[in-house]
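The values are calculated or read from the model by the stated rules, or taken from the named source; none is laboratory data. Bear in mind that the values here come from a model prediction, so they are computed numbers and not experimental data. With ideal geometry, Cβ positions are generated from the backbone for all residues, glycine too; neighbour counts draw on all protein chains shown. Ligands, DNA and RNA are stripped out before the accessible areas are found, and what is left, the full protein with its side chains, is counted by its heavy atoms. Shrake-Rupley method; radii C 1.70, N 1.55, O 1.52, S 1.80 Å.
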Amino acid sequence: MREPAAGGPGRPARREGIPLGRIAGVPIILAYSWFIIAAFTVIVYGPVLHRNNPALGTSAYIVAFAYAVLLLISVLVHELAHALTAKIYGWPTQKIVLNLWGGHTQFESFTASPGRSVLVALAGPAANFILAAGAWLVLNSVPMGSVAEILTNIFMWANFLIGVFNVLPGLPLDGGRLVESAVWKATGSQAKGTVAAGWAGRIIVIALVAWFILRPLLLGSDPDFTLVMITVLVCGFLWMGASASIQQGTLRARLPLVSAAALSTPAIGVPATATVLDILHHPRPGNAAVVVCGQDGRPQGVVDGAAMAAVPGAAAGTTPVTAVSFALAPGAYVPEWSKGQELIQFLAQLEGKHYAVVDHNGRVTGLLSQDAVLAAITGRNR
């Protein structure tokens, strides 16, 4: 699976696992959560291997751990296929993380198209099918010992099932990109495609639960406990991923509404050397906000209306505007033409909850609040 990068490129990376180095320039990270699935594999499949192959003895648990490692390698090849195919189109890969749920390839910002998105997505399952075919050829052409044959057989089926599972047509699975791209191509909206693929993912979850849990119960048999646990865990993960895709698509559809000019309230700029009396005599429309600018003309603060109103009339001419204002975060000003994803990514790198809006000449024209941006993105008034 693959997902966009979170946060700004200049932010420090949160340590999420063990760095394994780089392949083709892509950092590979083994998340600590992988050891959970490795332990689960040993606990669940160790006894099965021991029962089916008594000659293995306690080494059956070592073989089970080797199975977990082979799964890890299969997932790594899957994710590398995503990353290397994306590299053809110039999509920068931030990292590959191998974790409890398999893994994901995290990309930096890039411009996609329906066709390229499908090719990058399906490269992962295609790699697994190739590995499965290679293992099948080895099984049928090379004589092996019992342990080697067991592991090769496991490797073949693991890759085949990973490939089949990932082409199911619903996000967060790779096959969901087929649904997303089809709707995207038909409507011209990637956001609508993402929402549709997210709902398709939810339908897949319902179908899996119905097949592996409800069907045995309706037939009067008890479902296998291990299979139920795996189904619940996998379906829980898929449901969360599908829901996140629906939310992401919904938010993306609202991006055109996020505009610095449209969401800001009117404001004027005054020099930091001004006094409260200067502001009172300064012509400004309605209740326009007052932004304090430094000697270089850059916004550095916002006048607090309540604090200014509390200044006695006799002291208005000697009270500096900086005494009745609160500071803006460094660089907290945006061009009035900024909008959409560009504006959101920029604001994500700034501190504070207020941002001055400036025109092409650097003149203050408005004041933008974080709450206004969040309300436009989510559709909820804060």
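Backbone amide hydrogens, once placed in the peptide plane, bring Gly294 within less than 5 Å of Gln300, excluding anything fewer than 5 places away on its chain. Counting only lysines at least 8 places from Lys95 when in the same chain, those with an alpha carbon closer than 22 Å to its own are Lys87. The stretch between Thr111 and Ile203, if pulled fully straight at 0.36 nm per residue, gains 30.3 nm over its current Cα-Cα span.
Modelled this way, with points 7 Å down the Cα-to-C-beta line, the labels at Asp296 and Ile36 are 4.7 nm from one another. In a fully extended conformation the segment linking Asp359 and Gln341 would gain 4.5 nm over its present Cα-Cα distance, using 0.36 nm per residue.
Taking amide H atoms as placed 1.01 Å from N in the peptide plane, the amide H of Ser33 lies under 5 Å from those of Leu100, each 5 or more residues away in sequence or on another chain. Here the Gaussian network model covers the chain, with springs between Cα atoms less than 10 Å apart; of Pro19, Pro312, Pro27, Pro312 fluctuates the most.
Between Asp371 and Val44, what length in nm is gained on full extension when 0.36 nm per residue of separation is reduced by their alpha carbon distance? Show your work: numbers first, answer last.
Values: separation 327, 0.36 × 327 = 117.72 nm, distance 4.94 nm.
The Asp371-Val44 span can extend by a further 112.8 nm.
What part of the accessible area of segment 105-253, given as a whole %, is carbon or sulfur when the probe is 1.4 angstrom? List each step's numbers first, then the result.
Working: 5510 of 7650 Å².
That fraction is 72 percent.
Return the FRET efficiency for the residue pair Lys185, Ala244: r is the Cβ-Cβ distance, R0 is 22 Å, and the value is rounded to the nearest 0.05. Once rounded, the FRET efficiency stands at 0.45. Couplings 3J(HN,Hα) of segment 28-34, computed from phi: 10, 10, 9, 5, 4, 5, 4 Hz, in residue order, whole Hz [Karplus 6.51 cos²θ - 1.76 cosθ + 1.60, θ = phi - 60°; x for Gly and Pro]. Taking R0 as 56 Å, what FRET efficiency do you get between Ala148 and Phe326 from their Cβ-Cβ distance, rounded to the nearest 0.05? Efficiency for this residue pair is about 0.20. For Lys339, the lysines whose Cα comes closer than 26 Å to its Cα, not counting residues fewer than 8 places off in the same chain, are Lys185, Lys192, Lys353.
What net charge do the residues around Leu20 carry, taking every other residue with its C-beta under 13 Å from that of Leu20, with Lys and Arg at +1 and Asp and Glu at -1? Net charge around Leu20: 0. When the Gaussian network model of the chain links Cα atoms closer than 10 Å, the mean-square fluctuations of Ser141, Ser189, Ser259 top out at Ser141.
As I understand it, the value is the acute angle between the Cα axis of helix 225-253 and the longest principal axis of the Cα atoms of the chain; what does it come to in degrees, rounded to 10? Taking Cα atoms only, the helix is inclined about 30 degrees. Taking Ser146, Ser245, Ser264 as the candidate residues, the one with maximal mean-square fluctuation in a Gaussian network model of the chain, Cα springs under 10 Å, is Ser146.
So, R0 is 30 Å and r is the distance between the beta-carbons of His282 and Arg254; what FRET efficiency does that work out to, to 0.05? Don't skip to the answer; put the middle values down first.
Numbers: r = 36 Å, r/R0 = 1.20.
Computed FRET efficiency for His282 and Arg254 comes out at 0.25.
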